[in-house]
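What follows is a short report on a single structure.
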Amino acid sequence: MKRLVALLLIIIMAFTFTGCTKKEQSEQPSINPEVGQDADTTEVVEKPFEGTTLEVLVAYGGAENSFDAFTEKTGIKIEWLSMSTGAALAKLQAEDGKTTADIWFGGGVDSYLNARDLGYLEAYKSPEAEAINPQYNDKDGNFSGLALVPAGFIVNDDILKEKGLEAPKTWEDLADPKYKGEVMMADPAISGTNYAIVSGLIQAWGEEKAWDYFNRLDDNIEFYAKGGGEPLEKVGAGEFAIGVVAITGGTFNIGETNPTSVVYPEDLIPWTPAPIAIFKNTKNLDAAKVFIDWYLSQEGQTILREADARIMARDDVEAPELMSGLDKSKLIDFDLELMGKDRDSILERWKDLVGDK
């Protein structure tokens with residue numbers, strides 16, 4: 001009898017040990033464990049797409065400063081080209097969407113909406129997109145929001161002082177004749193941010209008031225820049241007193257070497273999400289999905305915020321200190337779908353208003 005009891009105890013202990021072993025094994029990460037562990041516990045990091053190169057079309061200042069971190073994490077290399085979204089959309093249309101680029105990174109969402117409707121984008125709903133405000137994402141996954149980009153003014157303090165002018169505080173101020181020849185703005189047909197400003201003011205004010213305003217604002221503008229970054233550069237260089245710009249970390253940083261200040265309009269703040277998307281024509285779809293997942297993750301969003309200070313799309317990534325002055329209650333209640341739908345008609349009327357200026 002004693003021998004039988006001893007045998008049963010041995011069997012019970014054996015099953016218990018086997019169960020613990022399986023549990024321990026199931027907790028081991030099978031792919032892409034955290035880096036920075038002690039040498040004796042470091043796992044081999046799986047990088048199934050190591051050596052793959054993604055071509056990225058970029059309209060997001062400073063984004064390139066985050067690419068090395070992505071490559072280190074995944075082994076996927078990045079080749080990138082900076083191009084405004086309006087110019088990129090025109091190129092896509094000329095090529096019937098047959099770009100060699102895999103990823104579209106940042107810029108104006110209006111061009112993404114148009115590219116989506118033309119069938120140029122690959123729908124992909126990243127699991128990380130669940131942490132993003134749905135207002136920033138396409139409902140079918142054709143693009144997702146990376147960051148919130150508010151619009152406002154950059155002013156050259158020395159030029160304003162020299163001319164005895166105060167900095168404008170509102171959009172209406174900007175159309176005051178006292179600023180004639182001092183305002184720089186990009187062509188909204190080229191700059192997605194500037195198109196978002198035009199569309200946002202139309203949505204906020206209505207057609208009649210907005211177009212009357214644009215007519216008066218046009219009187220203060222000598223010519224329109226061919227890219228969204230040009231007003232920032234020219235105001236910093238002292239060529240103009242006031243620029244209409246997207247407000248990002250770079251907008252503040254130029255003040256470190258130039259006599260410039262950033263102004264959030266006190267009446268209304270147009271904005272646009274900076275999106276990210278996969279091109280339909282990509283030959284590296286799985287690697288492109290890894291790219292999207294990483295940039296929408298908390299880790300990727302944090303690194304991207306450090307590369308260029310912006311209010312990120314995820315609420316669990318804190319806003320940078322530089323952007324703490326933004327009053328979100330002033331953000332326009334923006335219908336992005338309407339912005340995309342009306343793009344051609346608004347730009348046609350804009351062209352009639354400003355001509356080739």
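The values are calculated or read from the model by the stated rules, or taken from the named source; none is laboratory data. Just so you know, these numbers come straight off a predicted model, no measurement behind them. Cβ sites come from the backbone with ideal geometry, for glycine too, and all protein chains shown count toward neighbours. These area figures cover heavy atoms from the full protein model, side chains too; ligands, DNA and RNA do not enter into them. Shrake-Rupley method; radii C 1.70, N 1.55, O 1.52, S 1.80 Å.
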(request) Starting from the Cα of residue 299, move 7 Å in the Cα-to-Cβ direction to define the label point; list residues of the stretch 123-155 whose amide nitrogen is under 16 Å from there. (result) 127-129
(request) Find how much the distance from residue 90 to residue 162 grows on full extension, using 0.36 nm per residue of separation minus their present alpha carbon separation; answer in nm with one decimal. (result) 21.9 nm
(request) Sorted from largest down, give the three principal axis spans of the alpha carbons of the stretch 55-179, whole angstrom values. (result) 54, 34, 32
(request) Please give the contour-minus-distance gain from residue 46 to residue 226: 0.36 nm per residue of separation, less the Cα-Cα distance, rounded to one decimal in nm. (result) 60.4 nm
(request) Normalising by the residue count of the chain, find the relative contact order in percent from Cα pairs under 8 Å and 6+ residues apart. (result) 24 percent
(message) I want the local charge near residue 54. Using Cβ-Cβ distances under 12 Å, sum +1 for each Lys or Arg and -1 for each Asp or Glu among the other residues.
(response) -1
(message) At 7 Å along Cα-to-Cβ for each site, give me the label-to-label distance between residue 237 and residue 306 in nm.
(response) 3.3 nm
(request) Report the residue, chosen from 275, 134, 231, that carries the largest GNM mean-square fluctuation when the chain is represented by alpha-carbon nodes joined by springs under 10 Å. (result) 134
(request) Report in % the part of the accessible area of the stretch 134-253 that belongs to carbon and sulfur, leaving out ligands and nucleic acids; probe 1.4 Å. (result) 47 percent
(request) Could you check how many percent of all C-alpha pairs in the stretch 161-213 are farther apart than 18 Å? (result) 42 percent
(request) Would you compute, for the Cα atoms of the stretch 117-187, the largest minus smallest coordinate along each principal axis and list the three values in descending order, in whole Å? (result) 54, 28, 19
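If you wrap a convex hull around the C-alpha atoms of the stretch 38-122 and split its volume per residue, what is the figure in Å³? Mind showing how you got there, number by number?
Details: hull volume 9.7 nm³, N = 85.
About 114 Å³ per residue, rounded to a whole number.
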(message) Give me the 1.4 Å probe accessible area per residue for the stretch 135-269, excluding ligands and nucleic acids, in Å².
(response) 38 Å²
(request) Starting from the Cα of residue 348, step 7 Å along the direction of its Cβ; do the same at residue 209; then give the gap between the two resulting points in nm. (result) 2.6 nm
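Can you compute the equivalent ellipsoid semi-axes for the chain, i.e. the square root of 5 times each eigenvalue of the Cα gyration tensor, sorted largest first and rounded to whole Å? Display every interim value, and only then the final one.
Values: eigenvalues 488, 97, 67 Å².
The equivalent ellipsoid of the chain has semi-axes of 49, 22, 18 Å.
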(message) Given points 7 Å out from each Cα along the Cα-Cβ axis, report the residue 72 to residue 289 separation in nanometres with one decimal.
(response) 2.7 nm
(request) Only Cα pairs under 8 Å and at least 6 apart count here; give the relative contact order of the stretch 252-334 as a rounded whole percent. (result) 32 percent
(request) Take residue 169, project a point 7 Å from its Cα along the Cβ direction, then tell me which residues of the stretch 253-293 have their backbone nitrogen under 13 Å from it. (result) 264-268
